[in-house]
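Asks: Below is the structure I would like to discuss, written out as structure tokens.
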Amino acid sequence: MTPLQLSSNDLLADRRADYAEMLFASGDHAAAAELMLGALELAPGWAMGWFRLGEMQEAAGEMQAAAEAWRMSLKLEPADRPGAALKLQLIGAAPAEDSPPSAFVEMLFDQYAEKFDHALVETLHYRVPELLTAAIGATGRNTFAHAVDLGCGTGLMGVKLRPVAKRLDGYDISAEMLRKARDKGVYDYLIKADLQALEPVGQTADLVTAADVFMYLGALDRVFVSVMKMLAPGGVFAFSVERLSSEGVFDLQESRRYAHSEAYVHGLIAAAGLRLLSLEHAVIRQDRRTPVEGLIVVTDLAV
């Protein structure tokens with residue numbers, strides 16, 4: 001897939017887009033959108049520009065125009081690396097889907113990789129690795145022959161797992177995240193994989209973790225099937241989700257992450273034949289200075 005154009009490759013269009021961003025930052029959203037539309041008249045094939053126009057129009061309260069801009073972005077970039085389909089769903093201009101575009105998730109984390117650790121730990125006060133590690137330790141299990149870290153990212157969970165795992169594998173959709181994880185030197189094997197279509201490789205594991213991953217997947221039925229293929233009898237499966245406080249099973253949030261209900265989590269565990277060992281409510285991070293509540297869940301596959 002060709003790199004996504006973050007600029008229009010037209011000097012005048014880019015200059016207008018830069019001015020539009022200045023207006024947007026000043027709070028003049030309608031003027032920003034008008035100037036951005038002018039930039040796109042010079043560069044009509046710029047998918048990322050259409051996506052950004054939609055965001056400006058949304059901020060200006062022009063929802064119909066925003067939807068048209070995001071549809072144009074999708075037309076130009078069918079793989080949907082910008083995530084236009086999610087924006088359309090959030091404003092009710094498209095049916096809700098069970099999962100986000102994989103290309104969107106991959107690009108999001110490729111772009112985020114360089115500043116990921118600092119942003120997540122220092123700015124957002126991310127706590128899932130510590131919370132999951134404590135919950136796993138509370139089971140009395142403190143040594144694992146083979147651990148698998150799903151959605152390993154840069155390796156924040158892997159650092160916690162390394163002291164208790166004789167072998168540690170990491171799976172992630174983002175090549176840039178895997179590069180950062182490799183630099184930490186805590187994994188024995190790193191595998192690039194889309195968790196929405198995960199095919200386990202190698203021997204079964206007696207510990208599988210998914211730390212702050214499922215909010216980027218939506219429906220979790222398929223990934224639970226994959227986990228059951230890789231989990232050895234007696235093995236532990238520990239994961240986190242953002243907690244959905246409203247009715248339903250899971251729902252796309254304004255953050256473009258998914259929240260999952262406690263009832264949905266219980267249903268997944270039962271359907272997989274897992275045994276629930278613990279389920280705790282906890283603040284897992286901050287988002288715009290607001291605490292995000294999650295569920296910290298530990299299960300095992302009874303022998």
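Asks: Starting from the amide H of L277, placed 1.01 Å from N in the peptide plane, find each other amide H under 5 Å away whose residue is 5 or more places distant or on another chain.
Replies: When sequence neighbours closer than 5 places are left aside, the close amide H contacts are V298, T299, D300.
Asks: Continuing with this model, one more query. When a/c reaches 1.5 or more, the comparison of a/b and b/c decides; with that in mind, is the stretch 177-243 rounded, prolate or oblate per its Cα gyration tensor?
Replies: Here the stretch 177-243 falls in the oblate category.
Asks: Take the chain, connect every pair of alpha-carbon atoms lying under 10 Å apart with a spring to form a Gaussian network, then pick out the residue of A135, A270, A205 with the largest mean-square fluctuation.
Replies: A270
Asks: Whole number in Å², please: accessible area per residue of the stretch 36-99, 1.4 Å probe, ligands, DNA and RNA not counted.
Replies: 42
Asks: Another one. Rounded if a/c is under 1.5, else prolate if a/b is larger than b/c, else oblate: which is the chain, with a ≥ b ≥ c the root eigenvalues of its Cα gyration tensor?
Replies: Judged from the Cα gyration tensor, the chain comes out prolate (a/c at least 1.5, a/b above b/c).
Asks: Hey, in the GNM for the chain with a 10 angstrom Cα cutoff, which one of R162, R257, R141 fluctuates hardest?
Replies: R141
Asks: Take a quick pass over the chain and tell me how many lysine pairs come in under 22 angstrom between Cα atoms, counting only ones 8 or more apart or on separate chains.
Replies: Within the chain, the lysine pair count is 15.
Asks: Taking H as built 1.01 Å from N, whose amide H comes closer than 5 Å to the amide H of F144, not counting residues under 5 places away?
Replies: Amide H to amide H, under 5 Å and 5 or more residues apart or across chains, F144 pairs with A165, K166.
Asks: Contact order normalised by length for the stretch 178-292, with contacts defined as Cα pairs under 8 Å and 6 or more residues apart; what percent is it?
Replies: The normalised contact order for the stretch 178-292 reaches 20 percent.
Asks: So, one more: Let me check against my output: what whole-number percent is the relative contact order of the chain, with C-alpha pairs under 8 Å and at least 6 apart?
Replies: It rounds to 13 percent for the chain.
Asks: If you take the beta carbon distance between D221 and K192 as r and set R0 to 22 Å, what does 1/(1 + (r/R0)^6) give as a FRET efficiency, to the nearest 0.05?
Replies: Rounded to the nearest 0.05, the efficiency is 0.45.
Asks: Calculate, in nm to one decimal, what K229 and Q203 gain on full extension: separation in residues at 0.36 nm each, minus their alpha carbon distance.
Replies: 8.4 nm
Asks: So, one more: Of A25, M72, S261, whose Cα points farthest to the positive end of the dipole of the chain (charges on the beta-carbon: +1 Lys, Arg; -1 Asp, Glu; origin at the Cα centre)?
Replies: The one lying farthest along the dipole's positive direction is S261.
Asks: Per residue, how much accessible surface does the stretch 224-269 expose to a 1.4 Å probe? Answer in Å², no decimals.
Replies: 38
Asks: A further question follows. Please return the longest range in the chain lying between exposed loop sites, taking GluC sites (Glu not before Pro), DSSP loop only, at most 13 other beta-carbon atoms within 10 Å, and leaving the sites out.
Replies: Maximal segment without exposed cleavage sites: 1-246.
Asks: Still on this structure, I have one more. What is the local net charge at A65, summed over the other residues whose Cβ is closer than 14 Å to its Cβ (Lys, Arg +1; Asp, Glu -1)?
Replies: -2
Asks: Sticking with this one: State whether the stretch 160-303 is rounded, prolate or oblate according to the following rule on the C-alpha gyration tensor (a ≥ b ≥ c being the square roots of its eigenvalues): a/c under 1.5 gives rounded; otherwise a/b larger than b/c gives prolate, and the remaining case gives oblate.
Replies: Oblate, since a/c reaches 1.5 and b/c is not below a/b.
Asks: As a test of the formula, what do you get for the chain when each DSSP H run with n ≥ 4 contributes -39,500 (n - 2.57) and the sum is divided by the residue count, at 222 nm and rounded to the nearest 500 deg cm²/dmol?
Replies: Here the helix-only value at 222 nm equals -12000 deg cm²/dmol.
Asks: For Q286 and E97, calculate 0.36 nm times their separation in residues minus their Cα-Cα distance, and state this gained length in nm to one decimal.
Replies: This chain segment gains 65.4 nm when fully extended.
Asks: Using only the alpha carbons, work out the radius of gyration and Dmax of the stretch 28-146 in angstrom.
Replies: Using the Cα atoms of the stretch 28-146, the pair Rg, Dmax is 19.6, 63 Å.
Asks: Counting only protein heavy atoms, what percent of the accessible surface of the chain is carbon or sulfur at a 1.4 Å probe?
Replies: Carbon and sulfur atoms account for 53 percent of the accessible area of the chain.
Asks: For helix 29-42, what angle does its Cα long axis make with the longest principal axis of the chain, in degrees from 0 to 90 and rounded to 10?
Replies: 80
Asks: What is the magnitude of the charge dipole of the stretch 120-207 about its Cα centre, with +1 placed on the Cβ of each Lys and Arg, -1 on the Cβ of each Asp and Glu, and no other charges, expressed in debye to the nearest 20?
Replies: Computed charge dipole of the stretch 120-207: roughly 280 debye.
Asks: Between A271, A69, A47, find the one with the highest GNM mean-square fluctuation for the chain; connect C-alpha pairs within less than 10 Å.
Replies: In the Gaussian network model the winner is A271.
Asks: Any chance you could give the angle, 0 to 90 degrees and rounded to 10, that helix 102-112 forms with the longest Cα principal axis of the chain?
Replies: 90
Asks: Using 0.36 nm per residue of separation minus the Cα-Cα distance, give me the extension gain between K75 and A145 in nm, one decimal.
Replies: 20.4 nm
The values are calculated or read from the model by the stated rules, or taken from the named source; none is laboratory data. Here the structure is a predicted model, which means the values were calculated and not measured. Cβ: placed from backbone, ideal geometry, glycine included. Neighbour counts: every protein chain shown. The protein model used for the area step is the full one, side chains on, heavy atoms only, and it has no ligands, DNA or RNA in it. Shrake-Rupley method; radii C 1.70, N 1.55, O 1.52, S 1.80 Å.
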